[in-house]
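The block underneath contains the structure these notes are about, expressed in structure tokens.
The values are calculated or read from the model by the stated rules, or taken from the named source; none is laboratory data. All values derive from a computational prediction rather than experimental measurement. All Cβ positions, glycine included, derive from the backbone under ideal geometry; neighbour counts span all protein chains shown. For accessibility, only protein heavy atoms count, side chains too; no ligands or nucleic acids. Shrake-Rupley method; radii C 1.70, N 1.55, O 1.52, S 1.80 Å.
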Amino acid sequence: MGWLWAIIVGFVLGLLAKAILPGKQNIPLWLTTLLGIGGAIAGNAIARGIGIEATPGIDWGRHVLQLVAAIVLVALGAAAWNAIMSKRRGTSTRTIA
């Protein structure tokens, strides 16, 4: 059941990250979910590293770290996805003035 929760949490974190980031992120839903799962894992590792691994009640600090990590990963993933897709299409996202 742990893998199912990881997918659900990753999906929710990925969608929240896309909603928080400015502009539109043209990445597929499967990539959003994977980046959200990565954010959850990275947030847990950071929380463990700074000593807020397990607290009584809701772990707000851990959840905030997971969301911040998901935001960073979605932003980087969207940039990489756009660069790869524009290269495949043979178009450039840069304009020359």
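The figures follow:
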| read-out | value |
| --- | --- |
| Top-ranked residue in segment 46-75 [being of a type in the set (Gly, Ala, Ser) and open to solvent by less than 80 Å² (accessible area, probe 1.4 Å); ranked as farthest from the chain's Cα centre (by Cα)] | Gly57 |
| Residue ID - modelled with the lowest pLDDT, chosen from residues in segment 20-45 that are out of contact with any Phe, Trp or Tyr (no Cβ under 9 Å at 6 or more places or on another chain) and open to solvent by 80 Å² or more (accessible area, probe 1.4 Å) | Lys24 |
| Hey, Gly38 without any contact (Cβ under 8 Å) to a residue 60 or more places away in the chain, under 10 Å from Leu73 (Cβ atoms), outside any loop (DSSP other than H, G, I, E, B) and touching a Leu at 6+ places or on another chain (Cβ under 7 Å) or not | yes |
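Yes or no, residue by residue, for (1) out of contact with any helix residue (DSSP H, G or I) (no Cβ under 7 Å at 6 or more places or on another chain); (2) farther than 20 Å from Trp3 by Cβ:
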{"site": "Leu13", "(1), (2)": "no, no"}
{"site": "Asn26", "(1), (2)": "no, yes"}
{"site": "Ala42", "(1), (2)": "no, no"}
{"site": "Ala47", "(1), (2)": "no, yes"}
{"site": "Val72", "(1), (2)": "yes, yes"}
{"site": "Trp81", "(1), (2)": "no, yes"}
